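The values are calculated or read from the model by the stated rules, or taken from the named source; none is laboratory data. Keep in mind the model is a prediction, meaning the values are calculated, not measured. Backbone-built Cβ (ideal geometry, glycine too); neighbour counts: all protein chains shown. Just the protein is used for accessible areas: all its heavy atoms, side chains included, with ligands, DNA and RNA removed. Shrake-Rupley method; radii C 1.70, N 1.55, O 1.52, S 1.80 Å.
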Amino acid sequence: MHEENKTAANGCGKIRGGAQNGAALLALMEKTGYNMVQQNGQRKFGGPPPGWEGPPPPRGCEVFVGKIPRDMYEDELVPVFERAGKIYELRLMMEFSGKFIGVCVSLDNCRLFIGAIPKDKKKEEILNEMKKVTEGVVDVIVYPNATDKTKNRGFAFVEYESHRAAAMARRRLIPGTFQPWGHTIQVDWADPEKVVDEETMQRVKVLYVRNLMMSTTEDKIKAEFNKFKPGIVERVKKLRDYAFVHFFHREDAVAAMSVMNGKCIDGASIEVTLAKPVNKESSWKQHFNGQISPSSENLLGFPNKEDGTQKSLGKPASLSVRLNGQHSPGSPEVERSTYPFFPGIKLTPVSMYSLKLNHFSSAVMHLDYFCHKNNWAPPEYCLYSTTSQDGKILLVYRVLISSIADDSQSYFMPEKLCTTVEDAKELAAQFTLLHL
């Protein structure tokens, strides 16, 4: 038996207090022929198993098992899991509590979100820094600043060759020992790209165009795409530095994507892809863990199915990833209810910024939290009013977002008026979050 296998087995025998336990793991390895290696806070059993030929199992073949009792190890776990099928690899972490276990499909994510990156750093610089301290880096995705194309947006996505490589990189980067360019970076899982079935994508006739200049108009975009073939564009919807170009026919959309990708409009090199349809009932709610009320949805105004498109990677795929380093996909929302306060209960002072994202139910609180996490000044709300034809006072807020780092300022104002101050402020916060 390999010496490292003995070390791993004996090591865990000491952890749970007895050579007998270590012997059980040695017996398991003798019986199965699997190797066992312990490193970086986890122990790997197998990967590949004896006699395995060909590539590793494809993505989607892994499950995550949580809340395993601390005194349970591979000699007890392997027989249980083998009931479901042949095990390729089992990775056992060392920090679980003694409760009933839970099993779900493992999120085979290969992409990390890296925040708080100096805005003057180029893709090549960021790529080199990530390769210095992590292994398996495949690519880095960096987006230009909306107002200054010579700068990045302060974050990047790092793509790794496997989920394991990404997980190991995340463990390496999170402790804060790595400070590129003298900056403390933020690290978390990036939400995976939304998967749309091929049949649906075959019907898409809308293009997503990004990296536009803020000054570029919808008319200019329409004219540029119509140069390829006059009259093919139905309409254009532009939001900040990206836009959706709707075509009358799919074949024209596909052809225009090939021709226009990489072209310059007003001095900016644009990127063009097919827009991914989204469910209008779920896209907005996913940003806030399903806590937006129907009345708030009606205030904001959702697009119809034809307009229900969004980009896949213009920013971290959900606000939860950007705002909360501890959020994981599929985390349950906090129960909204009251509990009795009994005498003697100990209370601990806490900052709202130390809480998780799903502890907030209003867009106003989300926006305040979002600005704090990005080291921006708190949002400033300026209230305006007008009078409707029937004499009602209608209200709208304009929101100012200021970046402390570079003194830049952005203003956001929704296109709808409200009859109450509370609704107007909530609507303005929702609108701002959608356009940041």
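Mind ranking 206-217, 128-139, 80-91 by how tightly packed they are, going by the mean number of other C-beta atoms within 10 angstrom, highest first?
Ranking, from highest mean packing down: 206-217, 128-139, 80-91.
Rounded to the nearest whole Å², what accessible area per residue is found for the stretch 152-255 with the 1.4 Å probe?
49
Pull out the extension gain between Val63 and Leu434, defined as 0.36 nm times the separation in residues minus the alpha carbon to alpha carbon distance; nm, one decimal.
Once the chain is fully extended between Val63 and Leu434, it gains 130.3 nm.
Using the Cα gyration tensor of the stretch 198-274, with a ≥ b ≥ c the square roots of its eigenvalues, what is the shape: rounded (a/c below 1.5), prolate (a/b larger than b/c) or oblate (neither)?
Here the stretch 198-274 falls in the prolate category.
Label Lys263 and Ser361 with points 7 Å out from Cα along Cα→Cβ: what is the distance between them in nm?
So the two model labels end up 4.9 nm from each other.
Rounded, prolate or oblate: pick one for the stretch 132-229, where a ≥ b ≥ c are the square roots of the eigenvalues of its C-alpha gyration tensor, a/c under 1.5 means rounded, and failing that, prolate if a/b is larger than b/c, else oblate. Each step should come with its number before you reach the end.
Details: a/c = 3.58, a/b = 1.61, b/c = 2.22.
Oblate, since a/c reaches 1.5 and b/c is not below a/b.
On a full-extension model of 0.36 nm per residue, what is the gain between Asp197 and Glu135, subtracting their alpha-carbon distance, rounded to one decimal in nm?
19.2 nm
Would you mind getting the accessible area per residue of the stretch 353-435, heavy atoms of the protein chains only, 1.4 Å probe, in Å²? List each step's numbers first, then the result.
On the way: 4350 Å² over 83 residues.
Per residue, the stretch 353-435 has 52 Å² of solvent-accessible surface.
To the nearest 10 square angstrom, how much accessible area does Trp181 have with a 1.4 angstrom probe?
Accessible area of Trp181: about 80 Å².
At a 1.4 Å probe radius, which order do Lys237, Lys276 fall into by accessible area, largest first? Intermediate results must be reported in sequence, preceding the final value.
On the way: Lys237 95, Lys276 45 Å².
Largest accessible area first, the list is Lys237, Lys276.
In the full protein assembly as shown, how much of Ser362 is accessible to a 1.4 Å probe, in Å² to the nearest 10?
30
Express in Å², to the nearest 10, the accessible area of Tyr369 obtained by rolling a 1.4 Å probe over the protein heavy atoms while all chains stay in place.
Only protein atoms counted, so the area is about 0 Å².
Checking the a/c ratio against 1.5 first, then a/b against b/c, what shape does the Cα gyration tensor give for the stretch 353-435?
It comes out oblate by the Cα gyration axes.
Tally Lys and Arg at +1 and Asp and Glu at -1 over the other residues with C-beta under 15 Å from the C-beta of Glu89: what net charge comes out?
So the surrounding residues net to +2.
How many lysine pairs in the stretch 111-189, separated by 8 or more positions in sequence or lying on different chains, have Cα atoms less than 13 Å apart?
9
If I compute solvent accessible area with a 1.4 Å probe over the protein chains, what percent of it on the stretch 198-274 is carbon and sulfur?
The C+S portion of the solvent-accessible surface of the stretch 198-274 is 53 percent.
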